[in-house]
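Asker: The following block contains the structure, expressed as structure tokens.
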Amino acid sequence: MKEPEGATLDIVYRPVWAVDTDQVDLFYAKPILRTEDGEEIKGSMPLIRQPTVEATMQRQVKYLNQALQAFQLRYSRGDRFRLLIRINSVALATAEAASEVTEALRVLSSDERKLIVPEIIEFPKSLSMNTLDEITIPLMAFFETWLAQPEKEHSDFTPFANLNYAGVTLDLFDKPMDLKLAAKVFQLFAQRASHRRLPTWLMGIPTQELAKLARIAGMSVLSGCYMDMDSMLPGPVIEGDQVFMV
């Protein structure tokens, strides 16, 4: 989807549920685009690579600044929860770009960093250990572990396991999906991850039916618009028997 002129970057915060718990303490800083009138542009993917590394980095830094400011505001008020942020690997592709991204992360204290869950997206389709190492190194000064969103070309998740990734993610981008096809996709993804003992995170789930299939396939963590709980600020902690806890 082409980005409309005059669109602005914004963030909504979405619960992320680990299926073996009855409490939600993790929120995803979901980037969205808004029209000049403030309406959300559905189907947009603001953090995908821009025409240049520089433009990708600038979009990435703007997203990080906004998400971390919201997180720190709640943290300063005594709220404690984790925040999942996305980082495009293209924004780490050069030393100059990576320096700008890591500078945005320096606002976090050591205690705050422990509550941030970084997810790296848009890896090169041909991914060697050396390439993955170069992408991951800039984050090592800030975080102990991270998530990966593999490309469809990545059938072997070994490189992620070898570089201390805490799990792999699959994003449906809140789009409907045929249930039979979804069951096969979820099972294959979970099998590939289980071979390397990587937890599986399914993001952007649009319906309760797909969430149930994800649980059957063994997905560890679920999030999506089926929760119908996006908010303008992350938190507070959600407990109890929520509708989305399928």
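The values are calculated or read from the model by the stated rules, or taken from the named source; none is laboratory data. Only a predicted model underlies this, so the values are computations on that prediction, with no experimental measurement involved. Here Cβ is always computed from backbone atoms with ideal geometry, including for glycine, and neighbour counts include all displayed protein chains.
Asker: Among residues belonging to the range 83-107 that are part of a helix (DSSP H, G or I) and polar (S, T, N, Q), point out the one that is farthest from TYR28 (Cα to Cα).
Answerer: SER99
Asker: In the range 108-123, which residue that is in contact with a Ser or Thr (Cβ under 6 Å, 6 or more places away or on another chain) and part of a loop (DSSP other than H, G, I, E, B) is farthest from THR158 (Cα to Cα)?
Answerer: GLU122
Asker: Do any residues in the range 199-227 that are under 20 Å from GLU119 (Cα atoms) and touching a residue at least 12 places away in the same chain (Cβ under 8 Å) have Cβ atoms under 8 Å from those of residues that are part of a helix (DSSP H, G or I) and of a type in the set (Lys, Arg), where the two are at least six apart or on different chains, and which pairs are they?
Answerer: LEU222/ARG215
Asker: Identify the residue in the range 1-35 that is aliphatic (A, V, I, L, M) and not in a strand (DSSP E or B) and, among all such residues, is modelled with the lowest pLDDT. Talk me through it step by step, then tell me what you get.
Answerer: So in the range 1-35, the residues aliphatic (A, V, I, L, M) come out as 1, 7, 9, 11-12, 16, 18-19, 24, 26, 29, 32-33.
Of the ones still in play, those that are also not in a strand (DSSP E or B) are 1, 7, 19.
Values: MET1: 58, ALA7: 86, VAL19: 96.
By that ranking, first place goes to MET1.
Asker: Consider ARG215 against the criteria (1) more than 20 Å from the chain's Cα centre (by Cα); (2) part of a helix (DSSP H, G or I); (3) of a type in the set (D, E, K, R): it satisfies all of them except one. Which criterion is unmet?
Answerer: (1)
Asker: Moving on. Residues in the range 83-106 that are hydrophobic (A, V, I, L, M, F, W, C), free of Cβ contacts under 8 Å to residues at least 40 places away in the same chain and farther than 19 Å from THR169 by Cβ: how many? Break it down into steps so the answer makes sense when it comes.
Answerer: Filtering the range 83-106 for residues hydrophobic (A, V, I, L, M, F, W, C) gives 83-85, 87, 90-93, 95, 97-98, 101, 104-105.
Next, only the ones that are free of Cβ contacts under 8 Å to residues at least 40 places away in the same chain stay: 91, 95.
Now drop any that are not farther than 19 Å from THR169 by Cβ, which leaves 95.
The number of residues fulfilling the criteria is 1.
Asker: Restricting to the range 49-82, give me the number of residues that are outside any helix (DSSP H, G or I) and out of contact with any Gly (no Cβ under 9 Å at 6 or more places or on another chain).
Answerer: Residues of the range 49-82 that are outside any helix (DSSP H, G or I), as a first pass: 49-52, 77-82.
Narrowing further to those that are out of contact with any Gly (no Cβ under 9 Å at 6 or more places or on another chain): 49-52, 77-78, 82.
Selection size over the range 49-82: 7.
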